[in-house]
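K.L.:
Got a structure for you, written out below as structure tokens; questions coming shortly.
Quick note: the coordinates plus some simple rules give every number you see, no bench work behind them. In this text the structure is predicted, and so the values were computed from the model without any measurement. Every residue, glycine among them, receives a Cβ derived from its backbone with ideal geometry; neighbour counts consider all protein chains shown.
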């Protein structure tokens, strides 16, 4: 982990925290998220008090971090000199955090009212981590809806059955458990959150709080959608090399040829509990099939280089 280059550019000064002063630290990695991050911070403004802190780890290296500090002076902004993958950025944020709990959301995941309080309430049951619902933040975009269904349908509010892993777009982890497991992997993206939360679920417990929700602002460009699905397929192979997911065999030959149909079947089973979501999936079925083809293609490219330093800007929904 490279922490020496991290620089606190704004917000409350870092230093030895008062014992028990901060219960939960919200950590948000950001990379040129200037169109979506303001909506995330505005949504958090009414949810945090003296028992919380919000840390944005920005690796845009374009001077925008200083502007964040001026508009939201209660946010601690850590500026990094170069693009940093989300796992490493979250680890840097955790290193600077003083809370007993670490709440993670993404720069394109808008917390709904009472999101933070609901996660904290669910944590009182004793689990080391709590995952929450991820709603569709781009409902008017067919591409965005297809991307949401393929990536986040495991965290619909009416889900049932054991939760095998969570997503860092909506996650609360006990700080001590986060440290015991070494934080998030820094050489995998996406999927670094799957590795950590699968380990937490297997060893210390992972709860699901259906009423702790965020709205995820999904990719709405066709090319970016397909490239991200391909990247998800490539990272799936890397994730399975590190943790024993029960369906890891899907990514290996010869079963890989069945991966797309099996994922489609799993999606249909999840959506069967919600007729409205099922109808939504039917409307974007061609895009779902295209995304599954791209994901399956990614299974054969697990060693692909990580994406370049100029990511697509995620466009907010209306």
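K.L.:
Please list 32-42, 236-246, 104-114 highest first by mean number of surrounding beta-carbon atoms within 10 Å per residue.
P.N.:
Details: 32-42: 19.5, 236-246: 16.8, 104-114: 23.5.
In descending order of packing, they fall as 104-114, 32-42, 236-246.
K.L.:
When you count, for each residue, the other Cβ atoms within 10 Å and take the mean per peptide, how do 85-97, 149-161 rank with the highest first? Walk me through the numbers on the way to the answer.
P.N.:
Working: 85-97: 22.9, 149-161: 17.6.
Answer by packing, highest mean first, reads 85-97, 149-161.
K.L.:
Fewest Cβ neighbours within 10 Å first, please rank 23, 215 accordingly. Show your work: numbers first, answer last.
P.N.:
Details: 23 18, 215 24.
Taking fewest neighbouring Cβ atoms as first place, the list is 23, 215.
K.L.:
Turning to a different aspect of this structure: If you line up the long axis of helix 142-152 against the longest principal axis of the chain, both from Cα atoms, how many degrees apart are they, to the nearest 10?
P.N.:
Taking Cα atoms only, the helix is inclined about 80 degrees.
K.L.:
Another one. What relative contact order, as a whole-number percentage, does the stretch 163-306 give when Cα pairs under 8 Å and 6 or more residues apart are counted? Could you put the intermediate results ahead of the total?
P.N.:
Values: 135 pairs, mean separation 41.2, N = 144.
Normalised by residue count, the contact order of the stretch 163-306 is 29 percent.
K.L.:
If R₀ is 35 angstrom, what is the calculated FRET efficiency for the pair residue 70 and residue 114, using the beta carbon separation as r and rounding to 0.05? Please report the intermediate quantities before stating the final value.
P.N.:
On the way: r = 28 Å, r/R0 = 0.79.
In this case the efficiency is close to 0.80.
K.L.:
Taking the simple approach of a point 7 Å from Cα along Cα-to-Cβ for both residue 176 and residue 300, what is their distance in nm?
P.N.:
Between residue 176 and residue 300, the label points sit 4.9 nm apart.
K.L.:
What's the angle, to the nearest 10 degrees (0 to 90), between helix 259-271's Cα axis and the longest principal axis of the chain?
P.N.:
70 degrees
K.L.:
Helix-derived [θ] at 222 nm for the chain: sum -39500 (n - 2.57) over DSSP H runs of at least 4, divide by residue count, nearest 500? Each step should come with its number before you reach the end.
P.N.:
Numbers: 11 runs with 123 residues, N = 318.
So the calculated ellipticity at 222 nm is -12000 deg cm²/dmol.
K.L.:
If you restrict to DSSP beta bridges whose two residues both lie in the chain, what percentage is antiparallel, to the nearest 5?
P.N.:
In the chain, DSSP labels about 35 percent of beta bridges as antiparallel.
K.L.:
Expressed as a fraction of 2.2 N^0.38 Å, the rule-of-thumb size for a compact globular protein of N residues, what is the C-alpha radius of gyration of the chain? Write out the running numbers ahead of the final one.
P.N.:
Numbers: Rg = 18.6 Å, N = 318, 2.2 N^0.38 = 19.6 Å.
For the chain, the normalised Cα radius of gyration is 0.95.
K.L.:
Using Cα pairs closer than 8 Å and at least 6 residues apart in sequence, work out the relative contact order for the chain, in percent.
P.N.:
Details: 627 pairs, mean separation 64.7, N = 318.
It comes to 20 percent, rounded to a whole number.
K.L.:
Measure off 7 Å from each Cα along the Cα-to-Cβ vector at residue 256 and residue 82, then give the distance between these two points in nanometres to one decimal.
P.N.:
Label at residue 256, label at residue 82, 3.0 nm between them.
K.L.:
Related question: At 0.36 nm per residue, minus the direct Cα-Cα distance, what do residue 241 and residue 203 gain on full extension? Give it in nm, one decimal, please.
P.N.:
On the way: separation 38, 0.36 × 38 = 13.68 nm, distance 1.84 nm.
Stretched out fully, the residue 241 to residue 203 stretch lengthens by 11.8 nm.
K.L.:
Give the separation of the Cα centroids, the stretch 97-139 to the stretch 188-237, in Å.
P.N.:
Rounded to whole Å, the Cα centres lie 14 Å apart.
K.L.:
Say each of residue 160 and residue 249 gets a label point 7 Å from the Cα, pointing the same way as Cα to Cβ; how far apart are those two points in nm?
P.N.:
Label at residue 160, label at residue 249, 2.6 nm between them.
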